[in-house]
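Just so it is clear, none of the values below were taken in a lab; they were calculated from the coordinates. Computed from a predicted model, the values in this text were never measured in an experiment. All Cβ positions, glycine included, derive from the backbone under ideal geometry; neighbour counts span all protein chains shown.
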Amino acid sequence: MKYEVFLNNKKYEIEVDECSVALTGVSTVAAPVAPAAPVAPAAPAAAPVANAPSAEGTTVASPMPGTILAINVTNGQSVRSGEVLIVLEAMKMENDIVAPCDGIVKQVLVSKGSTVDTDQVLVII
């Protein structure tokens, strides 16, 4: 059977041959598959929020879901690029979230012990 697949806005033709394998003790039932309806290409993904300058300043976002273990800065504090702002625990590992630039912390948007999602803004510099 031939299929047309769109991946990253590129069209690929795939041919699949029927294969039969004898499995002991397993029964299989073949179900008919309806052809997929054409799908419009997806809109380009938005740029990640992390480190993107905004009207309010530079945002620092969580690179992964996790729990805030420590907050090393406060509102109004001066920070240097590379300075650890927050310690994020994810998958039983501690991850340092660092300042992407020099500046003054305008707002800390999380608290110790809170859980965060990927791309959630943590600090605005």
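Structure above, values below:
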{"read-out": "Gyration tensor verdict on the range 59-124 (Cα atoms; rounded if a/c is under 1.5, prolate if a/b is larger than b/c, oblate otherwise)", "value": "prolate"}
{"read-out": "In sequence order, calculated HN-Hα J values of the range 100-117 (Karplus, 6.51, -1.76, 1.60; Hz; x Gly/Pro)", "value": "x, 7, 6, x, 10, 5, 8, 7, 9, 9, 10, 10, 4, x, 6, 9, 10, 9"}
{"read-out": "Long-range amide H partners of ILE86 with built H, under 5 Å", "value": "ASN72, ILE97"}
{"read-out": "ASP119 long-range amide H proximity, modeled H, under 5 Å", "value": "SER62, MET64"}
{"read-out": "Label-to-label distance, nm, for residues given as ASN8 and VAL84 (7 Å Cα→Cβ offset)", "value": "3.6"}
{"read-out": "Furthest towards positive pole of dipole, VAL79, GLN120, PRO65, structure part the range 59-124, Cβ charges", "value": "VAL79"}
{"read-out": "Efficiency of FRET between THR67 and ASP119 - r from beta-carbon atoms, R0 22 angstrom, step 0.05", "value": "0.85"}
